[in-house]
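Structure first, then comments.
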Amino acid sequence: METGGPKVTNFTAEMHPLMQEGKRQKQVASVLLEELNGIFQRLSLHRMNGGMVSISSVKLTPDLLEARIYLSFFQVGHAEQCFHKIESRAGDIKRELSLRVKHQLRRIPELRFFIDDTLDHVFRMEEIFRQIQEGKKS
C-alpha cells in the first residue's frame, strides 16, 4: 500500500531500549487507545472504502502533550484518501476525546496520525520466505 501520509513501522519500545515508555505514558496511551477505538466507531471511521481501519497503537511523548496514533489499513481501497479523511477529522476526534478523558488528563494531547505499515512488511517477508522454500524444493 503506497500512500502519501507519514509511514511508520510500529516497533515496540522493547526493541529500542533508549525509547522506554514510562508507566504513566503507558497508562494514558491505553486509555486513549480504548477511547479512540470507540470514537472511530461512532464517527464511522473504522470502516472505509470496503476495508477496515484500526488503531494499532498509541504512543505518547514523555510530557504527554502529543499522542502518536498508528493506523493500520486492511483491504482499504484508496488508503491515502482514507488517511487524509481521518486527518481532516482530527478536530472532531480530539473534541470527542476531550469529552471522555477531561477528568483524567489536565491537557488533551495533540493528535498526530501515522500509517503503521507493519502488516505490509509481514506480508512481504512471508512472500520472500515462501519463494525461498519453493526454490529449495526445486
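What follows draws every value from the coordinates through simple rules; no lab data is involved. Note that the structure is a prediction, hence the values are computed from the model and not measured. Backbone-built Cβ (ideal geometry, glycine too); neighbour counts: all protein chains shown.
On a 0 to 90 degree scale, rounded to 10, what angle separates helix 23-42 from the longest Cα axis of the chain?
Roughly 80 degrees, rounded to the nearest 10.
Could you list S54, S44 in order of exposure, starting from the residue whose Cβ has the fewest other Cβ atoms within 10 Å?
Result, fewest neighbours first: S44, S54.
If you take every DSSP beta bridge fully contained in the chain, what fraction is antiparallel? Give it as a percent rounded to 5.
That works out to approximately 55 percent antiparallel.
Give me the net charge of I39's neighbourhood, meaning all other residues with Cβ under 9 Å from the Cβ of I39; Lys, Arg count +1, Asp, Glu -1.
So the surrounding residues net to -1.
Using only Cα atoms, find the angle between the long axis of helix 118-137 and the longest principal axis of the chain, and express it within 0 to 90 degrees, rounded to the nearest 10.
The angle comes out near 10 degrees.
Please list, or write none, the lysines whose alpha carbon is within less than 16 Å of the alpha carbon of K23, excluding same-chain residues fewer than 8 places away.
Filter leaves K59.
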